[in-house]
Each structure stands twice: as structure tokens, then as C-alpha cells.
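Engineer: Sharing a structure, written as C-alpha cells. Questions coming.
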Amino acid sequence: MLSSVTKNALLLGTAALLCVFAVAAVNEITKVEIKQQQLDSKLRTLVEVMPELAGNTEVLHDCVAVLDTELLGKDATQQIYRYRVDGSVKAYLVETTAPDGYSGAIEVLAAISPEQQIIGVRVLTHKETPGLGDKVELRKSPWVLSFNGKTLASAEDRSFAVKKDGGQFDQFSGATITPRAVVKAVKNAAIYIQQHPELASLPANCGA
């Protein structure tokens with residue numbers, strides 16, 4: 001017969017093992033929920049720049065990670081989501097960075113057609129001055145909507161700039177640096193799309 005000490009040891013060991021399995025199961029469930037919340041949040045952001053994506057979860061998985069420090073603004077990969085209709089890409093949703101904001105980098109999301117027409121733009125994060133540079137946020141100003149429908153003719157298109165630089169986009173009184181940086185970032189994203197027609201056929205690799 002097993003001694004009481006051995007029995008207690010077995011009971012404790014079994015209980016500990018059950019606890020390990022329980023914690024692992026909870027962690028796995030939580031991991032799945034967190035991942036889903038991240039995907040839901042990402043889709044809401046994409047819908048901000050392109051409302052017809054509402055409910056379209058396929059676009060989250062049709063994504064390529066690319067690296068172009070000069071045109072996309074930072075020394076790390078950026079994600080480009082592809083919106084397709086009947087298999088053809090109708091829009092690229094480009095995560096890009098304006099590294100030259102007044103108070104630091106400005107993260108931007110731009111929906112751009114293969115013909116370099118801007119469908120929509122949103123500023124995701126920034127550290128610009130409240131009351132001045134923060135007007136790049138839609139909740140502070142409709143300025144960012146001025147990109148809608150604009151088309152970049154070429155990399156040399158001088159109209160794709162703020163009015164102070166001879167372009168078509170308004171600047172903010174006392175804060176030209178911020179809108180200039182965002183306009184440049186969107187223009188560079190459109191140039192990237194123009195220079196990389198192979199984006200439509202690259203395999204998805206974002207891991208979403």
C-alpha cells in the first residue's frame with residue numbers, strides 16, 4: 001500500500017499538472033481573442049479610409065510586408081493591404097511614415113488605386129502640437145479629406161504639395177511643417193505603388 005506521504009505527493013503532483021494545463025488552455029484562448037481583437041481593430045482602421053471594406057475580412061489576409069526607407073519613411077517593413085474585386089486589385093492600403101513631422105514621425109494610412117488616385121487618407125499616430133499640427137487628425141479638422149479623389153500624375157507632379165510650396169493642399173496657419181510632411185508621405189506612397197506593379201501578384205506574407 002502507498003504511504004500517506006506518497007499519496008499526498010501524487011495528489012499534489014496531479015493538482016499541479018492540472019493547473020499547468022488549465023493555465024495553458026486559458027493562455028491559448030486569450031491569445032486567440034487578442035489576435036481577433038487586433039484584426040477587428042485593423043479592419044476598422046482600413047474601413048476609415050475605404051468604407052466599402054466594411055465586413056471584408058479577406059483584405060486582412062491579402063497583405064504584403066515591404067521595406068523602402070526612402071519612400072515609405074522608416075527602416076522597418078510596412079504593410080500594404082490589397083483590396084480586390086473579381087481577382088483584380090482595386091486599391092492598395094499603404095501603411096507609411098512621414099519621418100519629418102514637426103515633433104517626430106507621423107504614421108499614415110493611405111488607400112491608393114493602381115492608377116495612383118488617392119481614395120482616402122488617415123493619420124494613425126503623431127506627436128504634433130495640439131491646436132496646430134494636430135489638425136491632420138480628422139476629429140480635429142477635415143483637412144485630411146482634401147486628398148480624396150486626387151491623382152498623382154508622376155513623381156515630378158509639383159501640384160502634390162502644400163500651397164506654400166506651389167501645390168494644391170492647404171497648410172495650417174503657423175504650422176506648415178506638419179501638413180507638408182503628410183502630403184509628402186502620401187505622395188511617396190503613391191510613387192511606391194507606381195514603381196511596383198508587381199505588388200498585385202506578390203504572395204501574402206504579413207502573417208495576419
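Engineer: Would you list the strands (runs of 3 or more DSSP E) that sit entirely within the stretch 73-136 and hold 3 or more residues that are closer than 20 Å to V47 by Cα and among the hydroxyl-bearing types (S, T, Y)?
Structural biologist: It comes to 88-101.
Engineer: Are there any pairs, at least 6 apart or on different chains, whose C-beta atoms fall under 7 Å, with the first in the stretch 159-179 and more than 18 Å from D134 (Cα to Cα) and crowded, with 21+ Cβ neighbours inside 10 Å and the second among the hydrophobic types (A, V, I, L, M, F, W, C) and modelled with pLDDT of 95 or more, and if so, which?
Structural biologist: Here the result reads F160/L152; F160/V183, each pair linking the stretch 159-179 to a residue that is among the hydrophobic types (A, V, I, L, M, F, W, C) and modelled with pLDDT of 95 or more.
Engineer: Further, regarding this structure: Could you list all residues from the stretch 167-186 that are touching a Ser or Thr at 6+ places or on another chain (Cβ under 6 Å) and aliphatic (A, V, I, L, M)?
Structural biologist: The one that is touching a Ser or Thr at 6+ places or on another chain (Cβ under 6 Å) and aliphatic (A, V, I, L, M): A185.
Engineer: E70 fails exactly one of the following numbered conditions: (1) outside any helix (DSSP H, G or I); (2) out of contact with any strand residue (DSSP E or B) (no Cβ under 9 Å at 6 or more places or on another chain). What is the number of that condition?
Structural biologist: The number of the failed condition is (1).
Engineer: Please go through the stretch 169-196 and pick out each residue that is modelled with pLDDT under 95 and not in a loop (DSSP other than H, G, I, E, B).
Structural biologist: Result: F172, A175.
Engineer: Only residues that are surrounded by 13 or more Cβ atoms within 10 Å (Cβ to Cβ), of a type in the set (D, E, K, R) and either touching a His at 6+ places or on another chain (Cβ under 6 Å) or over 23 Å from P203 (Cα atoms) (or both): list them for the stretch 39-51, please. Can you show your working first?
Structural biologist: Applying the first criterion (surrounded by 13 or more Cβ atoms within 10 Å (Cβ to Cβ)) to the stretch 39-51 yields 39, 42-43, 45-50.
Next, only the ones that are of a type in the set (D, E, K, R) stay: 42, 48.
Once the filter is applied, which keeps residues that are surrounded by 13 or more Cβ atoms within 10 Å (Cβ to Cβ), of a type in the set (D, E, K, R) and either touching a His at 6+ places or on another chain (Cβ under 6 Å) or over 23 Å from P203 (Cα atoms) (or both), the stretch 39-51 yields only E48.
Engineer: Quick one: is T96 among the β-branched types (V, I, T), under 13 Å from the mean Cα position of the chain (by Cα) and at pLDDT below 95?
Structural biologist: Criteria not met by T96.
Engineer: Residue check: is V144 of a type outside the set (D, E, K, R), surrounded by 15 or more Cβ atoms within 10 Å (Cβ to Cβ) and in a strand (DSSP E or B)? Talk me through it step by step, then tell me what you get.
Structural biologist: Values: of a type outside the set (D, E, K, R): yes; surrounded by 15 or more Cβ atoms within 10 Å (Cβ to Cβ): yes; in a strand (DSSP E or B): no.
No, not satisfied.
Engineer: Here is a follow-up. Residue under question is G166, and the condition is that it be farther than 22 Å from E48 by Cα, out of contact with any helix residue (DSSP H, G or I) (no Cβ under 8 Å at 6 or more places or on another chain), modelled with pLDDT of 95 or more and not hydroxyl-bearing (S, T, Y); does it hold?
Structural biologist: Yes; evaluated as a whole, the condition is true for this residue.
Engineer: In a helix (DSSP H, G or I), touching a residue at least 60 places away in the same chain (Cβ under 8 Å) and at negative phi: which single residue out of L60, L43 fits that description? Spell out how you get there, then give the answer.
Structural biologist: Working: L43 fails: touching a residue at least 60 places away in the same chain (Cβ under 8 Å).
One residue alone meets the criteria, L60.
The values are calculated or read from the model by the stated rules, or taken from the named source; none is laboratory data. None of the values given here were measured: they were computed from a predicted structure. Reconstructed Cβ throughout: ideal geometry from the backbone, glycine too, with neighbour counts over all protein chains shown.
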